[in-house]
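The values are calculated or read from the model by the stated rules, or taken from the named source; none is laboratory data. Everything numeric in this text was worked out from a predicted model, so none of it was measured. With ideal geometry, Cβ positions are generated from the backbone for all residues, glycine too; neighbour counts draw on all protein chains shown. When the accessible area is computed, the model is the full protein with side chains, heavy atoms only, and any ligands, DNA or RNA have been set aside. Shrake-Rupley method; radii C 1.70, N 1.55, O 1.52, S 1.80 Å.
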Amino acid sequence: MRVRFAPSPTGQLHVGNARTALFNWLLARHAGGTFILRIEDTDAARSTRASEAAIVDDLRWLGLEWDEGVEKGGAHGPYRQSERLAIYRQHAEALLASRHAYYCFCSAEKLERERKAMLDAGLPPRYPGTCRDIEPANAAARVSSGEAAVVRLRVPLERDVVFDDMVRGLVSFHTDVIGDPVLVRSDGMPAYNFAVVVDDGLMEVTHVVRGEDHISNTPRQLLLYEAFGWPPPRFAHLALVMGPDHAPLSKRHGATSVREFREKGYLPAALANYLALIGWSPGEGEELLPLDELARRFDLATVAHSAGVFDEDKLAWANRHYLKASDASALVALTLPFLRERSMVVDPVSDLARDWLRQVIPPMAGSVDRLSEIPERLHTVFTFDAASALAREPIRHELDQPGARRVVTALGADLAASPRLTDRERFRAAAARVKEKTGAKGGALFHPIRVVLTGETQGPELDLLVPAIDSAAELSPASGLQAVTGCRERAAAFANLLRT
Ligand code: GLU
(Lines give C-alpha, C1' and ligand atoms only; values in the text may rest on other atoms or scores of the structure.)
Protein backbone atom coordinates (compact mmCIF):
# COMPACT_ATOMS: atom_id res chain seq x y z
CA MET A 1 0.00 0.00 0.00
CA ARG A 2 1.25 3.47 -0.92
CA VAL A 3 -0.69 6.55 0.19
CA ARG A 4 0.09 10.24 0.06
CA PHE A 5 -0.78 13.56 1.62
CA ALA A 6 -0.52 16.31 -0.98
CA PRO A 7 -0.98 19.74 0.56
CA SER A 8 -0.89 22.97 -1.40
CA PRO A 9 1.46 25.29 0.50
CA THR A 10 -0.76 28.35 0.43
CA GLY A 11 -1.23 28.97 4.15
CA GLN A 12 -1.32 27.18 7.48
CA LEU A 13 -2.30 23.52 7.78
CA HIS A 14 -6.08 23.43 8.32
CA VAL A 15 -7.22 20.89 10.92
CA GLY A 16 -9.43 19.28 8.26
CA ASN A 17 -6.35 18.70 6.09
CA ALA A 18 -4.42 17.52 9.13
CA ARG A 19 -7.16 14.93 9.65
CA THR A 20 -6.75 13.85 6.01
CA ALA A 21 -3.00 13.49 6.60
CA LEU A 22 -3.70 11.54 9.80
CA PHE A 23 -6.10 9.12 8.10
CA ASN A 24 -3.52 8.49 5.37
CA TRP A 25 -0.87 7.93 8.02
CA LEU A 26 -3.13 5.57 10.03
CA LEU A 27 -3.94 3.61 6.90
CA ALA A 28 -0.28 3.28 5.93
CA ARG A 29 0.82 2.33 9.44
CA HIS A 30 -2.03 -0.16 9.78
CA ALA A 31 -1.04 -1.94 6.59
CA GLY A 32 2.73 -1.56 6.91
CA GLY A 33 2.54 0.63 3.80
CA THR A 34 4.33 3.79 2.69
CA PHE A 35 3.16 7.31 3.52
CA ILE A 36 4.31 9.94 1.02
CA LEU A 37 4.37 13.72 1.48
CA ARG A 38 4.11 15.61 -1.80
CA ILE A 39 3.93 19.38 -2.08
CA GLU A 40 1.49 20.68 -4.69
CA ASP A 41 2.99 24.07 -5.37
CA THR A 42 2.18 24.68 -9.03
CA ASP A 43 0.11 27.72 -8.12
CA ALA A 44 3.16 29.98 -8.10
CA ALA A 45 1.22 33.07 -7.08
CA ARG A 46 -0.16 31.52 -3.88
CA SER A 47 2.43 28.90 -2.90
CA THR A 48 5.25 29.84 -0.54
CA ARG A 49 8.21 28.04 0.96
CA ALA A 50 7.25 29.51 4.33
CA SER A 51 3.89 27.77 4.15
CA GLU A 52 5.55 24.50 3.09
CA ALA A 53 7.95 24.75 6.05
CA ALA A 54 5.06 25.43 8.44
CA ILE A 55 3.07 22.44 7.12
CA VAL A 56 6.11 20.16 7.38
CA ASP A 57 6.74 21.37 10.92
CA ASP A 58 3.11 20.89 11.97
CA LEU A 59 2.99 17.35 10.55
CA ARG A 60 6.13 16.44 12.48
CA TRP A 61 4.74 18.11 15.60
CA LEU A 62 1.61 15.96 15.28
CA GLY A 63 3.81 12.87 15.00
CA LEU A 64 2.87 12.10 11.40
CA GLU A 65 6.29 11.29 10.00
CA TRP A 66 6.35 10.31 6.31
CA ASP A 67 8.45 7.63 4.64
CA GLU A 68 9.02 9.33 1.31
CA GLY A 69 8.70 12.92 0.21
CA VAL A 70 10.09 16.39 0.71
CA GLU A 71 13.01 16.58 3.14
CA LYS A 72 13.11 12.78 3.11
CA GLY A 73 13.71 11.79 -0.49
CA GLY A 74 12.79 8.47 -2.03
CA ALA A 75 12.84 6.61 -5.31
CA HIS A 76 9.90 8.48 -6.85
CA GLY A 77 11.06 12.08 -6.44
CA PRO A 78 11.23 14.96 -6.77
CA TYR A 79 8.31 15.42 -4.37
CA ARG A 80 7.65 19.10 -5.02
CA GLN A 81 5.48 19.64 -8.10
CA SER A 82 7.36 22.77 -9.12
CA GLU A 83 10.40 20.52 -9.60
CA ARG A 84 8.50 18.08 -11.85
CA LEU A 85 7.57 20.41 -14.72
CA ALA A 86 9.63 18.47 -17.29
CA ILE A 87 7.81 15.28 -16.27
CA TYR A 88 4.40 16.91 -16.82
CA ARG A 89 5.49 18.32 -20.19
CA GLN A 90 6.63 14.90 -21.33
CA HIS A 91 3.36 13.30 -20.23
CA ALA A 92 1.27 16.01 -21.88
CA GLU A 93 3.13 15.35 -25.12
CA ALA A 94 2.39 11.65 -24.82
CA LEU A 95 -1.34 12.36 -24.47
CA LEU A 96 -1.24 14.78 -27.41
CA ALA A 97 0.49 12.14 -29.50
CA SER A 98 -2.09 9.50 -28.60
CA ARG A 99 -4.86 12.05 -29.31
CA HIS A 100 -6.24 11.69 -25.79
CA ALA A 101 -5.45 15.39 -25.49
CA TYR A 102 -5.57 18.32 -27.88
CA TYR A 103 -4.59 21.98 -28.10
CA CYS A 104 -7.31 24.53 -27.49
CA PHE A 105 -6.90 28.11 -28.73
CA CYS A 106 -10.10 29.62 -27.34
CA SER A 107 -9.48 32.95 -25.61
CA ALA A 108 -10.56 33.53 -22.02
CA GLU A 109 -13.09 36.13 -23.27
CA LYS A 110 -14.65 33.70 -25.72
CA LEU A 111 -14.90 30.99 -23.06
CA GLU A 112 -16.51 33.43 -20.66
CA ARG A 113 -19.10 34.53 -23.27
CA GLU A 114 -19.97 30.89 -23.95
CA ARG A 115 -20.22 30.14 -20.24
CA LYS A 116 -22.64 33.01 -19.72
CA ALA A 117 -24.77 31.97 -22.69
CA MET A 118 -25.05 28.42 -21.33
CA LEU A 119 -26.00 29.68 -17.87
CA ASP A 120 -28.58 32.02 -19.42
CA ALA A 121 -30.05 29.06 -21.30
CA GLY A 122 -30.31 27.17 -18.00
CA LEU A 123 -27.59 24.69 -18.96
CA PRO A 124 -24.64 23.59 -16.81
CA PRO A 125 -21.70 25.56 -18.16
CA ARG A 126 -19.00 23.47 -19.75
CA TYR A 127 -16.45 23.79 -22.52
CA PRO A 128 -18.34 23.25 -25.82
CA GLY A 129 -15.52 21.35 -27.53
CA THR A 130 -14.67 24.02 -30.09
CA CYS A 131 -11.05 22.94 -30.69
CA ARG A 132 -11.53 19.16 -30.34
CA ASP A 133 -11.29 18.48 -34.03
CA ILE A 134 -8.53 20.79 -35.15
CA GLU A 135 -6.05 18.70 -37.16
CA PRO A 136 -3.08 17.90 -34.88
CA ALA A 137 -0.55 19.05 -37.53
CA ASN A 138 -2.41 22.32 -37.94
CA ALA A 139 -2.62 22.83 -34.14
CA ALA A 140 1.09 22.08 -33.72
CA ALA A 141 1.92 24.65 -36.39
CA ARG A 142 -0.18 27.30 -34.63
CA VAL A 143 1.56 26.52 -31.34
CA SER A 144 5.04 26.76 -32.90
CA SER A 145 4.11 30.09 -34.50
CA GLY A 146 3.57 31.36 -30.94
CA GLU A 147 -0.21 31.26 -30.63
CA ALA A 148 -1.37 30.83 -27.04
CA ALA A 149 -2.92 27.44 -26.33
CA VAL A 150 -3.95 25.20 -23.46
CA VAL A 151 -3.93 21.40 -23.57
CA ARG A 152 -7.28 19.73 -22.90
CA LEU A 153 -8.29 16.13 -22.22
CA ARG A 154 -10.61 14.64 -24.82
CA VAL A 155 -13.37 13.31 -22.55
CA PRO A 156 -15.18 10.35 -24.10
CA LEU A 157 -18.83 11.13 -24.86
CA GLU A 158 -21.85 9.32 -23.48
CA ARG A 159 -20.14 7.37 -20.75
CA ASP A 160 -20.59 6.78 -17.07
CA VAL A 161 -17.50 6.98 -14.93
CA VAL A 162 -18.08 4.82 -11.87
CA PHE A 163 -15.85 4.14 -8.90
CA ASP A 164 -16.22 2.34 -5.62
CA ASP A 165 -15.29 4.88 -2.99
CA MET A 166 -13.92 3.21 0.14
CA VAL A 167 -15.91 5.55 2.37
CA ARG A 168 -18.94 6.46 0.29
CA GLY A 169 -19.57 3.36 -1.80
CA LEU A 170 -20.42 3.51 -5.52
CA VAL A 171 -20.11 6.95 -7.07
CA SER A 172 -21.07 7.64 -10.66
CA PHE A 173 -20.68 10.64 -12.98
CA HIS A 174 -21.87 10.91 -16.57
CA THR A 175 -19.29 12.30 -18.97
CA ASP A 176 -21.86 14.68 -20.46
CA VAL A 177 -21.48 16.92 -17.42
CA ILE A 178 -17.69 16.95 -17.71
CA GLY A 179 -16.33 19.53 -20.14
CA ASP A 180 -12.90 18.65 -21.53
CA PRO A 181 -10.68 19.73 -18.64
CA VAL A 182 -7.55 21.81 -19.09
CA LEU A 183 -4.44 19.73 -18.43
CA VAL A 184 -1.77 22.31 -19.17
CA ARG A 185 -2.35 26.05 -19.00
CA SER A 186 -1.17 28.47 -21.67
CA ASP A 187 1.84 29.40 -19.48
CA GLY A 188 2.91 25.76 -19.54
CA MET A 189 1.94 25.03 -15.94
CA PRO A 190 0.05 21.79 -15.30
CA ALA A 191 -3.49 21.99 -13.92
CA TYR A 192 -4.24 20.23 -10.63
CA ASN A 193 -6.11 17.26 -12.15
CA PHE A 194 -3.28 16.54 -14.55
CA ALA A 195 -0.34 16.93 -12.16
CA VAL A 196 -2.07 14.87 -9.49
CA VAL A 197 -2.63 11.91 -11.84
CA VAL A 198 0.87 12.04 -13.29
CA ASP A 199 2.26 12.10 -9.75
CA ASP A 200 -0.03 9.52 -8.19
CA GLY A 201 0.57 7.29 -11.21
CA LEU A 202 4.37 7.61 -11.25
CA MET A 203 4.61 7.48 -7.47
CA GLU A 204 2.62 4.22 -7.60
CA VAL A 205 0.04 5.47 -5.15
CA THR A 206 -2.45 2.68 -4.43
CA HIS A 207 -4.99 4.55 -2.29
CA VAL A 208 -5.99 8.21 -2.60
CA VAL A 209 -7.56 9.40 0.65
CA ARG A 210 -8.61 13.03 0.52
CA GLY A 211 -11.33 15.54 1.31
CA GLU A 212 -14.77 15.24 -0.19
CA ASP A 213 -14.28 18.62 -1.88
CA HIS A 214 -12.27 16.69 -4.49
CA ILE A 215 -14.92 14.14 -5.36
CA SER A 216 -15.97 15.87 -8.57
CA ASN A 217 -12.33 15.82 -9.71
CA THR A 218 -12.17 12.05 -9.42
CA PRO A 219 -14.00 11.17 -12.68
CA ARG A 220 -11.65 13.50 -14.59
CA GLN A 221 -8.70 11.84 -12.93
CA LEU A 222 -10.04 8.35 -13.69
CA LEU A 223 -10.36 9.32 -17.36
CA LEU A 224 -6.73 10.43 -17.26
CA TYR A 225 -5.60 7.09 -15.83
CA GLU A 226 -7.50 5.49 -18.68
CA ALA A 227 -5.80 7.75 -21.20
CA PHE A 228 -2.37 6.83 -19.87
CA GLY A 229 -3.31 3.17 -19.68
CA TRP A 230 -2.46 3.10 -15.99
CA PRO A 231 -4.40 1.15 -13.35
CA PRO A 232 -6.20 3.69 -11.15
CA PRO A 233 -5.77 3.78 -7.36
CA ARG A 234 -8.65 3.16 -4.94
CA PHE A 235 -10.30 6.38 -3.79
CA ALA A 236 -11.68 7.38 -0.40
CA HIS A 237 -13.30 10.78 0.09
CA LEU A 238 -13.58 12.00 3.66
CA ALA A 239 -16.43 14.22 4.78
CA LEU A 240 -15.22 17.71 5.60
CA VAL A 241 -14.75 18.84 9.17
CA MET A 242 -17.62 21.14 10.15
CA GLY A 243 -18.11 24.00 12.57
CA PRO A 244 -20.86 23.88 15.22
CA ASP A 245 -23.33 25.30 12.67
CA HIS A 246 -22.59 22.40 10.28
CA ALA A 247 -20.89 24.66 7.74
CA PRO A 248 -17.30 23.70 6.80
CA LEU A 249 -14.96 24.78 9.60
CA SER A 250 -13.63 28.21 8.67
CA LYS A 251 -12.13 31.35 10.16
CA ARG A 252 -15.48 32.65 11.26
CA HIS A 253 -15.74 29.70 13.66
CA GLY A 254 -12.45 30.76 15.30
CA ALA A 255 -9.23 28.74 15.21
CA THR A 256 -8.91 26.45 12.17
CA SER A 257 -5.22 25.71 11.74
CA VAL A 258 -2.99 23.26 13.54
CA ARG A 259 -0.71 26.23 14.27
CA GLU A 260 -3.48 28.09 16.10
CA PHE A 261 -4.35 25.09 18.27
CA ARG A 262 -0.66 24.59 18.92
CA GLU A 263 -0.31 28.18 20.05
CA LYS A 264 -3.37 27.83 22.25
CA GLY A 265 -1.48 25.18 24.19
CA TYR A 266 -2.95 21.89 22.97
CA LEU A 267 -0.64 18.90 23.00
CA PRO A 268 0.11 17.18 19.69
CA ALA A 269 -0.99 13.82 21.11
CA ALA A 270 -4.34 15.34 22.12
CA LEU A 271 -4.94 17.06 18.79
CA ALA A 272 -3.96 13.98 16.75
CA ASN A 273 -6.07 11.68 18.91
CA TYR A 274 -9.02 14.08 18.77
CA LEU A 275 -8.81 14.49 14.97
CA ALA A 276 -9.05 10.71 14.62
CA LEU A 277 -12.34 10.80 16.53
CA ILE A 278 -14.05 13.13 14.04
CA GLY A 279 -16.14 10.73 12.02
CA TRP A 280 -14.40 7.60 13.28
CA SER A 281 -14.33 5.63 16.50
CA PRO A 282 -11.57 3.28 17.59
CA GLY A 283 -14.03 1.46 19.85
CA GLU A 284 -16.91 2.04 22.24
CA GLY A 285 -15.67 3.93 25.32
CA GLU A 286 -12.06 3.68 24.17
CA GLU A 287 -11.38 6.98 22.58
CA LEU A 288 -8.13 8.09 24.14
CA LEU A 289 -5.48 5.90 22.58
CA PRO A 290 -1.96 6.50 21.31
CA LEU A 291 -1.41 6.84 17.57
CA ASP A 292 0.09 3.38 17.13
CA GLU A 293 -2.94 1.80 18.76
CA LEU A 294 -5.27 3.92 16.62
CA ALA A 295 -3.34 2.70 13.58
CA ARG A 296 -3.72 -0.91 14.71
CA ARG A 297 -7.51 -0.46 14.80
CA PHE A 298 -7.95 1.84 11.79
CA ASP A 299 -10.25 0.77 8.98
CA LEU A 300 -11.56 3.10 6.26
CA ALA A 301 -14.72 1.00 6.02
CA THR A 302 -15.74 2.24 9.47
CA VAL A 303 -15.22 5.95 8.72
CA ALA A 304 -18.53 7.86 8.75
CA HIS A 305 -19.92 9.18 5.45
CA SER A 306 -21.37 12.22 7.10
CA ALA A 307 -19.60 15.30 8.29
CA GLY A 308 -18.09 15.49 11.76
CA VAL A 309 -18.32 18.61 13.87
CA PHE A 310 -15.16 20.03 15.39
CA ASP A 311 -15.82 20.18 19.13
CA GLU A 312 -13.21 22.17 21.01
CA ASP A 313 -14.59 21.06 24.38
CA LYS A 314 -13.87 17.48 23.45
CA LEU A 315 -10.39 18.47 22.30
CA ALA A 316 -9.85 20.15 25.68
CA TRP A 317 -10.99 16.94 27.39
CA ALA A 318 -8.44 14.94 25.40
CA ASN A 319 -5.85 17.58 26.21
CA ARG A 320 -6.39 17.28 29.95
CA HIS A 321 -5.86 13.54 29.64
CA TYR A 322 -2.56 13.97 27.77
CA LEU A 323 -1.38 16.75 30.08
CA LYS A 324 -1.54 14.20 32.90
CA ALA A 325 -0.28 11.25 30.87
CA SER A 326 2.70 12.78 29.04
CA ASP A 327 6.19 12.16 30.33
CA ALA A 328 8.09 15.03 31.93
CA SER A 329 10.66 15.57 29.17
CA ALA A 330 8.01 15.74 26.46
CA LEU A 331 5.97 18.21 28.51
CA VAL A 332 9.02 20.40 29.08
CA ALA A 333 9.88 20.44 25.38
CA LEU A 334 6.30 21.41 24.50
CA THR A 335 6.08 24.07 27.21
CA LEU A 336 9.38 25.78 26.37
CA PRO A 337 7.91 27.99 23.59
CA PHE A 338 5.35 29.37 26.05
CA LEU A 339 8.03 30.03 28.67
CA ARG A 340 10.30 31.69 26.11
CA GLU A 341 7.53 33.99 25.07
CA ARG A 342 7.31 35.24 28.67
CA SER A 343 11.13 35.37 29.02
CA MET A 344 10.94 32.81 31.83
CA VAL A 345 13.65 30.94 29.95
CA VAL A 346 16.20 32.17 27.46
CA ASP A 347 18.28 30.03 25.12
CA PRO A 348 20.46 28.13 25.57
CA VAL A 349 18.49 26.28 28.25
CA SER A 350 21.00 24.25 30.29
CA ASP A 351 20.52 20.70 31.55
CA LEU A 352 20.16 22.07 35.09
CA ALA A 353 17.33 24.33 34.00
CA ARG A 354 15.70 21.43 32.14
CA ASP A 355 15.95 19.27 35.27
CA TRP A 356 14.23 22.02 37.21
CA LEU A 357 11.48 22.28 34.59
CA ARG A 358 11.04 18.49 34.63
CA GLN A 359 10.38 18.67 38.38
CA VAL A 360 8.06 21.64 38.26
CA ILE A 361 5.99 21.36 35.08
CA PRO A 362 4.32 17.92 35.36
CA PRO A 363 2.49 18.68 38.64
CA MET A 364 1.34 22.04 37.22
CA ALA A 365 0.26 20.40 33.95
CA GLY A 366 -2.12 18.18 35.89
CA SER A 367 -4.22 21.17 36.89
CA VAL A 368 -4.46 23.22 33.69
CA ASP A 369 -6.44 22.77 30.47
CA ARG A 370 -3.71 23.91 28.11
CA LEU A 371 0.06 24.40 28.07
CA SER A 372 -0.40 28.13 27.54
CA GLU A 373 -1.71 28.37 31.13
CA ILE A 374 1.52 27.03 32.65
CA PRO A 375 3.48 30.33 32.59
CA GLU A 376 0.66 31.92 34.57
CA ARG A 377 1.01 29.19 37.19
CA LEU A 378 4.75 29.87 37.37
CA HIS A 379 4.27 33.62 37.56
CA THR A 380 4.92 33.78 41.31
CA VAL A 381 8.16 31.84 40.93
CA PHE A 382 9.64 34.41 38.56
CA THR A 383 8.01 37.60 39.77
CA PHE A 384 8.40 38.84 43.30
CA ASP A 385 8.10 42.38 44.62
CA ALA A 386 7.28 42.73 48.32
CA ALA A 387 6.60 46.48 48.15
CA SER A 388 4.04 46.27 45.38
CA ALA A 389 2.48 43.19 47.01
CA LEU A 390 2.07 45.17 50.24
CA ALA A 391 0.37 47.97 48.34
CA ARG A 392 -2.47 45.56 47.50
CA GLU A 393 -5.48 45.42 49.78
CA PRO A 394 -5.96 41.61 50.02
CA ILE A 395 -2.30 41.18 50.98
CA ARG A 396 -2.45 43.87 53.66
CA HIS A 397 -5.67 42.38 54.94
CA GLU A 398 -4.00 38.98 55.28
CA LEU A 399 -1.03 40.41 57.15
CA ASP A 400 -3.27 42.45 59.44
CA GLN A 401 -4.78 39.27 60.88
CA PRO A 402 -3.91 38.60 64.52
CA GLY A 403 -0.54 36.89 64.80
CA ALA A 404 0.30 37.23 61.09
CA ARG A 405 3.20 39.61 61.61
CA ARG A 406 4.75 37.32 64.22
CA VAL A 407 4.67 34.54 61.62
CA VAL A 408 6.38 36.84 59.11
CA THR A 409 9.10 37.82 61.58
CA ALA A 410 9.67 34.24 62.71
CA LEU A 411 9.80 32.97 59.13
CA GLY A 412 12.31 35.69 58.18
CA ALA A 413 14.52 34.77 61.09
CA ASP A 414 14.24 31.04 60.49
CA LEU A 415 15.02 31.16 56.76
CA ALA A 416 17.95 33.54 57.32
CA ALA A 417 19.57 30.77 59.36
CA SER A 418 18.63 27.66 57.37
CA PRO A 419 19.51 26.13 54.00
CA ARG A 420 17.24 26.82 51.06
CA LEU A 421 13.91 24.97 51.01
CA THR A 422 14.76 22.89 47.97
CA ASP A 423 12.40 20.06 48.82
CA ARG A 424 9.04 19.58 50.46
CA GLU A 425 10.49 18.12 53.66
CA ARG A 426 12.68 21.14 54.29
CA PHE A 427 9.73 23.44 53.71
CA ARG A 428 7.55 21.46 56.10
CA ALA A 429 10.27 21.45 58.74
CA ALA A 430 10.64 25.24 58.48
CA ALA A 431 6.86 25.70 58.75
CA ALA A 432 6.85 23.43 61.81
CA ARG A 433 9.56 25.50 63.48
CA VAL A 434 7.61 28.73 62.81
CA LYS A 435 4.50 27.10 64.17
CA GLU A 436 6.34 26.13 67.34
CA LYS A 437 7.80 29.58 67.79
CA THR A 438 4.55 31.50 67.21
CA GLY A 439 1.81 29.11 68.17
CA ALA A 440 0.06 29.88 64.86
CA LYS A 441 -1.45 26.96 62.99
CA GLY A 442 -3.61 26.09 59.98
CA GLY A 443 -4.65 29.13 57.96
CA ALA A 444 -3.19 31.53 60.53
CA LEU A 445 0.18 29.95 59.81
CA PHE A 446 0.00 29.14 56.10
CA HIS A 447 -1.81 32.23 54.80
CA PRO A 448 0.94 34.61 55.92
CA ILE A 449 3.58 32.14 54.74
CA ARG A 450 1.97 32.01 51.30
CA VAL A 451 1.72 35.79 51.11
CA VAL A 452 5.34 36.27 52.10
CA LEU A 453 6.82 33.56 49.86
CA THR A 454 4.68 34.15 46.78
CA GLY A 455 3.35 37.70 47.04
CA GLU A 456 -0.14 36.28 46.42
CA THR A 457 -3.06 35.15 48.59
CA GLN A 458 -3.64 32.03 46.53
CA GLY A 459 -2.02 29.81 43.92
CA PRO A 460 -0.57 26.34 43.44
CA GLU A 461 0.21 24.21 46.49
CA LEU A 462 3.03 25.59 48.63
CA ASP A 463 4.51 22.07 48.79
CA LEU A 464 5.17 22.43 45.07
CA LEU A 465 5.80 26.11 44.82
CA VAL A 466 8.28 26.63 47.65
CA PRO A 467 10.76 23.92 46.53
CA ALA A 468 10.33 25.21 42.96
CA ILE A 469 11.25 28.75 44.04
CA ASP A 470 14.23 27.75 46.15
CA SER A 471 15.70 25.23 43.74
CA ALA A 472 15.44 27.85 40.97
CA ALA A 473 17.10 30.40 43.27
CA GLU A 474 20.13 28.12 43.41
CA LEU A 475 20.57 28.19 39.61
CA SER A 476 22.72 30.84 38.04
CA PRO A 477 21.24 33.13 35.37
CA ALA A 478 23.57 31.41 32.89
CA SER A 479 21.40 28.29 33.28
CA GLY A 480 18.87 29.79 30.93
CA LEU A 481 16.27 30.15 33.65
CA GLN A 482 15.27 33.71 34.48
CA ALA A 483 16.76 34.77 37.86
CA VAL A 484 14.54 33.82 40.79
CA THR A 485 14.42 35.47 44.22
CA GLY A 486 14.70 32.78 46.92
CA CYS A 487 12.34 32.28 49.85
CA ARG A 488 14.94 33.57 52.32
CA GLU A 489 15.18 36.89 50.47
CA ARG A 490 11.42 37.08 50.05
CA ALA A 491 10.79 36.61 53.74
CA ALA A 492 13.50 39.14 54.62
CA ALA A 493 12.00 41.73 52.27
CA PHE A 494 8.56 41.43 53.87
CA ALA A 495 9.94 41.39 57.41
CA ASN A 496 11.92 44.59 56.68
CA LEU A 497 9.01 46.43 55.14
CA LEU A 498 6.68 45.48 57.96
CA ARG A 499 9.21 46.53 60.59
CA THR A 500 9.49 50.11 59.25
N1 GLU B 1 -3.32 19.78 -3.30
C2 GLU B 1 -4.65 19.27 -3.12
C3 GLU B 1 -5.26 19.92 -1.90
O4 GLU B 1 -4.53 20.41 -1.05
C5 GLU B 1 -4.57 17.77 -2.97
C6 GLU B 1 -5.80 17.06 -3.36
C7 GLU B 1 -5.57 15.58 -3.46
O8 GLU B 1 -5.27 14.98 -2.43
O9 GLU B 1 -5.65 15.06 -4.56
O10 GLU B 1 -6.45 19.99 -1.76
Requested in this report: Considering the options 460, 34, 323, tell which one lies farthest towards the positive end of the dipole of the chain, charges being +1 on Lys and Arg and -1 on Asp and Glu at the Cβ, about the Cα centre.
Outcome: 460
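Note down, for the chain, the three equivalent ellipsoid semi-axes (square root of 5 times each alpha carbon gyration tensor eigenvalue), biggest first, whole angstrom. The partial results should precede the final answer.
On the way: eigenvalues 848, 92, 79 Å².
So the equivalent ellipsoid measures 65, 21, 20 Å along its semi-axes.
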Query raised in the report: Looking at the chain, which Cys residues are left with no other cysteine's beta carbon under 4.7 Å from theirs?
Result: 106, 487
**Report entry** DSSP-defined antiparallel bridges as percent of all bridges, the range 165-278, nearest 5
**Finding:** 40 percent
Query - Contour minus Cα-Cα distance for residue 306 and residue 137 (0.36 nm per residue) - result: 55.9 nm
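In µm²/s, what is D for the range 1-157 at 25 °C and 0.890 mPa s, where D = kT/(6 pi eta Rh) by Stokes-Einstein and Rh is the Kirkwood radius from Cα pairs? Numbers along the way, then the final one.
Details: Rh = 18.7 Å.
The diffusion coefficient I find is 131 µm²/s.
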Report task. Note down the accessible area of residue 489, probe 1.4 Å, to the nearest 10 Å². Result -> 70 Å²
Query raised in the report: Averaged over all directions, how much area does the convex hull of the C-alpha atoms of the range 153-309 cover when projected, in nm²?
Result: 12.1 nm²
Query - Rel. contact order, % - alpha carbon contacts under 8 angstrom, at least six apart, the chain - result: 13 percent
**Report entry** residue 127 accessible area, 1.4 Å probe, all protein chains in place, Å² to nearest 10
**Finding:** 20 Å²
Report task. Return the long-range amide H neighbours of residue 350 (sequence gap of 5 or more, or a different chain), with a cut-off of under 5 Å between placed amide H atoms. Result -> 480, 481
Report summary line: Given Cβ charges of +1 for Lys and Arg and -1 for Asp and Glu, the option among 97, 54, 66 whose Cα lies farthest towards the positive end of the dipole of the chain is 54
**Report entry** Positive dipole terminus of the range 132-272, leading residue within 242, 229, 172 (C-beta point charges)
**Finding:** 242
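Could you give the size of the charge dipole of the range 332-462 about its Cα centre, using +1 on the Cβ of each K and R and -1 on the Cβ of each D and E, expressed in debye and rounded to the nearest 20? Spell out each step's value before the answer.
On the way: 19 positive and 17 negative charges, 98 e Å.
Dipole magnitude for the range 332-462 comes out near 480 debye.
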Report task. Compute, for residue 267, the solvent-accessible surface of its heavy atoms (probe 1.4 Å) with the complete set of protein chains present, and express it in square angstrom to the nearest 10. Result -> 0 Å²
Query raised in the report: What is the range 236-323 by shape, rounded, prolate or oblate, if you read a ≥ b ≥ c off the alpha carbon gyration tensor as root eigenvalues and call it rounded for a/c under 1.5, prolate for a/b larger than b/c, and oblate otherwise?
Result: oblate
Report task. Report the charge-dipole magnitude of the chain in Debye, nearest 20, computed about the Cα centre from +1 at each Lys and Arg Cβ and -1 at each Asp and Glu Cβ. Result -> 1240 debye
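Pop out the carbon and sulfur fraction of the accessible area of the range 1-89 as a percent, whole number, probe 1.4 Å. Walk me through the numbers on the way to the answer.
On the way: 1580 of 3250 Å².
Carbon with sulfur: 49 percent of the solvent-accessible area.
Students sometimes get this wrong: rank 435, 110 by accessible area, probe 1.4 Å, all chains present, largest first. Before the final figure, lay out each step's value.
Working: 435 95, 110 60 Å².
Solvent-accessible surface, decreasing: 435, 110.
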Report summary line: Distance in Å, no decimals, from the C-alpha centre of the range 346-403 to the one of the range 254-320 is 32 Å
Query raised in the report: So what is the orientation-averaged projected area of the range 282-384, using the convex hull of its C-alpha atoms, in nm²?
Result: 8.7 nm²
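I'd like the antiparallel share, as a percent to the nearest 5, of DSSP beta bridges with both residues in the chain.
Values: 17 of 32 bridges.
Here the share of antiparallel DSSP bridges comes out near 55 percent.
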Requested in this report: For the range 26-82 and the range 1-19, write down the distance between their C-alpha centroids in whole Å.
Outcome: 8 Å
Report summary line: extent check for the range 1-47: Cα max minus min per principal axis, descending, whole Å, gives 38, 20, 8
Query raised in the report: With charges only on Cβ, +1 for K and R and -1 for D and E, what is the dipole size of the range 19-168 about its Cα centre, in debye, rounded to 20?
Result: 260 debye
Query raised in the report: Rounded if a/c is under 1.5, else prolate if a/b is larger than b/c, else oblate: which is the range 149-190, with a ≥ b ≥ c the root eigenvalues of its Cα gyration tensor?
Result: oblate
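How many Å² of accessible area per residue for the chain, probe 1.4 Å? Walk me through the numbers on the way to the answer.
On the way: 22590 Å² over 500 residues.
Ligands and nucleic acids excluded, the figure is 45 Å² per residue.
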Report task. Any chance you could check the Cα centroid distance between the range 198-247 and the range 430-479 for me, in angstrom? Result -> 61 Å
Query raised in the report: What is the range 235-284 by shape, rounded, prolate or oblate, if you read a ≥ b ≥ c off the alpha carbon gyration tensor as root eigenvalues and call it rounded for a/c under 1.5, prolate for a/b larger than b/c, and oblate otherwise?
Result: oblate
